[in-house]
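Notes follow once the structure below has been shown.
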Amino acid sequence: MIEIRNLTKNELPDIWRIDRREVIDNIYYFREGKFVLEAEHYNMQGWPPGEPEHYAPFLQDCFERGGFFWGAFKGETLVGVAVLESKFIGSQKDTLQLKYLHVSHNVRKQGLGRRLFFTAAEQVKGMGATKMYISATPSENTVNFYQYLGCVLTEEVDAELFELEPEDIHLEYRIL
């Protein structure tokens with residue numbers, strides 16, 4: 001059984017122990033107003049070099065600002081994480097960013113990503129926001145996962161987030 005609970009500050013470094021292994025065969029691009037799927041093969045064996053060191057300060061800052069961090073534990077092992085930023089964005093200040101959502105290789109396709117996503121969506125709704133912003137890795141599996149959950153291309157691209165991750169597919173989930 002996998003338990004989802006809030007992460008403590010001391011557990012933040014455990015995020016980088018999540019097994020991100022994945023074979024990617026196709027990548028989405030957004031060109032001329034359309035999704036374009038192109039064959040590109042990557043055999044990801046973990047976090048890209050330097051990514052933990054680069055992103056750890058962003059997660060720390062998010063935690064200090066009151067961001068929400070949910071960890072999925074199988075026993076004592078962190079096997080999934082969802083991070084929701086607490087700072088409202090968008091021209092109407094009605095959007096919160098799903099900053100991170102990762103599930104370990106050996107527990108994928110079991111509904112855990114969906115559980116983490118909707119845990120974050122409930123928090124978004126509870127805070128009165130109308131949208132959740134997702135800057136998604138452009139791999140076919142990732143984009144398809146978010147689309148399956150009801151995410152669509154964002155109507156308002158956040159300039160700061162786009163500058164940070166211009167290759168990502170920028171999506172939104174509308175809160176009902």
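Restricting attention to segment 100-109, the residues being surrounded by fewer than 19 Cβ atoms within 10 Å (Cβ to Cβ) and of a type outside the set (A, V, I, L, M, F, W, C) number 4. Take the conditions (1) crowded, with 19+ Cβ neighbours inside 10 Å; (2) within 23 Å of TRP16 (Cβ to Cβ); (3) not polar (S, T, N, Q); PRO52 misses just one of them, which is (1). Considering segment 38-68, and only residues there that are part of a loop (DSSP other than H, G, I, E, B) and without any contact (Cβ under 8 Å) to a residue 12 or more places away in the chain, the residue that is nearest to GLY111 (Cα to Cα) turns out to be PRO48.
Among residues of segment 100-114 that are within 20 Å of TRP47 (Cα to Cα), those with a Cβ under 6 angstrom from a residue that is at pLDDT 95 or above and part of a helix (DSSP H, G or I), sequence gap 6+ or separate chain, pair up as LEU101/LEU116; VAL103/LEU112; VAL103/GLY113. Looking at the structure I just gave you, is GLN97 closer than 23 Å to LEU7 by Cα, surrounded by 21 or more Cβ atoms within 10 Å (Cβ to Cβ), touching a residue at least 40 places away in the same chain (Cβ under 8 Å) and of a type in the set (S, T, N, Q)? Answer is yes for this residue. Restricting attention to segment 17-37, the residues being in contact (Cβ under 8 Å) with a residue 24 or more places away in the chain and either loosely packed, with under 11 Cβ neighbours inside 10 Å or farther than 13 Å from VAL79 by Cβ (or both) number 10.
For the condition farther than 14 Å from THR8 by Cα, in contact (Cβ under 8 Å) with a residue 12 or more places away in the chain, surrounded by 12 or more Cβ atoms within 10 Å (Cβ to Cβ) and of a type in the set (A, V, I, L, M), what is the one hit in VAL79, VAL83?
On the way: VAL83 fails: farther than 14 Å from THR8 by Cα.
None of the others qualify; the one that does is VAL79.
Here GLY71 passes the criteria (1) closer than 19 Å to LEU164 by Cβ; (2) small (Gly, Ala, Ser); (3) at pLDDT 95 or above except the one numbered (1).
The values are calculated or read from the model by the stated rules, or taken from the named source; none is laboratory data. Please read all numbers here as calculations on a predicted model, not as lab measurements. Neighbour counts are summed over all protein chains in view; Cβ atoms, including those assigned to glycine, are modelled from backbone coordinates with ideal geometry.
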